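All remarks here apply to the structure that follows.
Where a number appears in this text, it was derived from the coordinates with a stated rule and is not lab data. Keep in mind that what you see is a predicted model, and the values were worked out from it rather than measured. Cβ: placed from backbone, ideal geometry, glycine included. Neighbour counts: every protein chain shown.
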Amino acid sequence: MNELDQLYQQVILDHSKRRIGSPLVETTEGLLHGESHQHNPICGDQIRVRVELDDQEHFTSMSWEGDGCSISMASASVLAEMLPELTKEEFLGKRDYFREMMRSKGNFQPDEEVLEDAAAFVGVSKFPARVKCAMLAWVAAEVAMHEARK
Ligand code: ZN
């Protein structure tokens, strides 16, 4: 394993322990909020994601609770750290880029300016059975965004 792979593994391990954004927080009055529960039957990961947005379509927070493998939990933590301040459009752009990386089977040089800590999941893309683990929080956040109401 090279140094970058080791560093990325450490980022995933740290996030799986820190679980930024977990547990769920109460919704804030005046903001739009949406929630989504997603399940990954291949691995058994479960996640419930709650997002809040302001009237200008900026995310203000993401909180979540879940149970599953360290990849799925770390991915939710990374996303919860990244999401606040993004617009819906910026989130969808990063989601597309992350998904492209996860479908690359390891043939990808992630731009850390775009993905921040989510770049650490590039190695996971070599293992097709684990791609869903890494994508789960992103899927939940997108559904929650579309559901968001006052
Ligand atoms: Zn998993």
Would you mention how many residues in the stretch 13-42 are within 16 Å of the ligand (Cβ to nearest atom) and among the aliphatic types (A, V, I, L, M)?
-> 2
Could you please find all residues in the stretch 1-39 being among the β-branched types (Val, Ile, Thr) and within 15 Å of residue 51 (Cβ to Cβ)?
-> 20, 25, 27, 28
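With among the aromatic types (Phe, Trp, Tyr) and within 16 Å of the ligand (Cβ to nearest atom) as the only criterion, which of 108, 127 stands out?
Answer to the selection: 127.
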Evaluate the stretch 43-50: report whether one residue or more is more than 14 Å from the chain's Cα centre (by Cα), part of a loop (DSSP other than H, G, I, E, B) and within 16 Å of the ligand (Cβ to nearest atom).
-> yes
Given the conditions (1) surrounded by 13 or more Cβ atoms within 10 Å (Cβ to Cβ); (2) of a type in the set (Val, Ile, Thr); (3) outside any strand (DSSP E or B); (4) away from the ligand (no atom under 16 Å from the Cβ), report the number of the one that residue 60 does not fulfil.
-> (3)
From the list 57, 113, pick out the single residue that is acidic (Asp, Glu), without any contact (Cβ under 8 Å) to a residue 12 or more places away in the chain and more than 18 Å from residue 10 (Cα to Cα).
-> 113
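Kindly provide the set of residues from the stretch 124-150 that are more than 26 Å from residue 60 (Cα to Cα) and within 16 Å of the chain's Cα centre (by Cα), ordered by number. If you could, list the steps in order and put the result at the bottom.
Filtering the stretch 124-150 down to residues more than 26 Å from residue 60 (Cα to Cα) leaves 124-131.
Matches in the stretch 124-150: 124, 125, 130, 131.
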Output the residues belonging to the stretch 63-101 that are loosely packed, with under 15 Cβ neighbours inside 10 Å and either more than 16 Å from the ligand (Cβ to nearest atom) or under 12 Å from the mean Cα position of the chain (by Cα) (or both).
-> 84, 85, 87, 89, 92, 93, 96, 100
Of the residues in the stretch 1-42, those that are in contact (Cβ under 8 Å) with a residue 24 or more places away in the chain, over 14 Å from the mean Cα position of the chain (by Cα) and assigned to a loop (DSSP other than H, G, I, E, B) number 8
